[in-house]
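Working notes for the structure below.
The values are calculated or read from the model by the stated rules, or taken from the named source; none is laboratory data. This is a predicted model, so every value here is computed, not measured. Backbone-built Cβ (ideal geometry, glycine too); neighbour counts: all protein chains shown. Keep in mind that these areas ignore ligands, DNA and RNA; they rest on the heavy atoms of the full protein, side chains included. Shrake-Rupley method; radii C 1.70, N 1.55, O 1.52, S 1.80 Å.
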Amino acid sequence: MKNYFELFSLTPNFNTDLAKLESAYQQQVAKFHPDNFAISGDKEKNLALQNTSLINTAYDTLKSALLRSTYLLELEGINAFDEKDTQMDVSFLMSQIELREALEAIEADKDELELDEFIEKISSKIKKNIDNISEAFNSTQNKNQIKNMVRELKFYEQLNLQAKQLLDEWI
């Protein structure tokens, strides 16, 4: 099986051109559109469906900074979220606790303005983290450092999602 980058004729790179990805995705999806297999047998229809599923999974993976970085590490044999590997930077772990407590306090106070500011702060951390991951992939930096940055990105994205869900509940 081709890797996801090869599927779209892209070079494996964290800084993937998202416009090229979108264009390649549209071309691939068009090849396996159900209309193209309307008069085909069940085997061909099932194969087209499997290919479409693979194309969609690959596209979703490569368009997301978190999933793309995780996938690039996997291509190098590194599982960023190995449950046995619990080594993390202590200062980051402390900041995780502080951010979670801040979100809990905002929720308890039902402070919409504070929640907006919190979301902006986390969005900024996500952007900075993505920039750092990009730099790390561009240099031949230690893959363990990249793995830790990817873990941090996942935390920030989950926290951002929780904060936005909370905001949606209040509106």
* May I ask you to say which residue of L153, L115 is touching a Leu at 6+ places or on another chain (Cβ under 7 Å), without any contact (Cβ under 8 Å) to a residue 60 or more places away in the chain and open to solvent by less than 30 Å² (accessible area, probe 1.4 Å)? => L115
* Picking from K147, K127, which residue would you name as being assigned to a helix (DSSP H, G or I), open to solvent by 50 Å² or more (accessible area, probe 1.4 Å) and under 30 Å from N13 (Cβ atoms)? -> K127
* To do: Could you please give the count of residues in segment 2-33 that are of a type in the set (S, T, Y) and in contact with a Phe, Trp or Tyr (Cβ under 6 Å, 6 or more places away or on another chain)?
  => 1
* In segment 62-115, which residues are more than 30 Å from E6 (Cα to Cα), of a type outside the set (D, E) and not in a helix (DSSP H, G or I)? -> K84, T86, Q87, M88, K110
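Condition check ((1) modelled with pLDDT of 95 or more; (2) closer than 30 Å to T57 by Cα; (3) aliphatic (A, V, I, L, M); (4) in contact with a Leu (Cβ under 9 Å, 6 or more places away or on another chain)) across all residues:
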{"position": "Y71", "(1), (2), (3), (4)": "yes, yes, no, yes"}
{"position": "L93", "(1), (2), (3), (4)": "no, no, yes, no"}
{"position": "E120", "(1), (2), (3), (4)": "yes, yes, no, no"}
{"position": "S124", "(1), (2), (3), (4)": "yes, yes, no, no"}
{"position": "N148", "(1), (2), (3), (4)": "no, yes, no, no"}
* Write out, first by first residue and then by second, each pair whose Cβ atoms fall under 9 Å of each other, whose residues are 6+ apart or on separate chains, and whose first residue, in segment 81-93, is closer than 13 Å to K154 by Cα while the second is open to solvent by 60 Å² or more (accessible area, probe 1.4 Å) and assigned to a helix (DSSP H, G or I). => F81/K154
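Identify, please: which residue in segment 1-56 is of a type in the set (D, E, K, R) and under 22 Å from the mean Cα position of the chain (by Cα) and is, among those, modelled with the lowest pLDDT?
So the first thing to find is which residues in segment 1-56 are of a type in the set (D, E, K, R), and the list is 2, 6, 17, 20, 22, 31, 35, 42-45.
Next, from what is left, pick out any that are under 22 Å from the mean Cα position of the chain (by Cα): 2, 6, 17, 20, 22.
Details: K2: 78, E6: 96, D17: 97, K20: 98, E22: 98.
Only one residue tops the list, namely K2.
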* Of residues in segment 130-144 being in a helix (DSSP H, G or I) and of a type outside the set (A, V, I, L, M), the one least open to solvent (accessible area, probe 1.4 Å) -> S134
* To do: Give the residue, chosen from K45, K31, K63, K20, that is open to solvent by 60 Å² or more (accessible area, probe 1.4 Å), within 25 Å of I146 (Cβ to Cβ) and in contact with a helix residue (DSSP H, G or I) (Cβ under 9 Å, 6 or more places away or on another chain).
  => K63
* Asked: So which residues in segment 1-49 are in contact (Cβ under 8 Å) with a residue 60 or more places away in the chain and outside any loop (DSSP other than H, G, I, E, B)?
  -> Y4
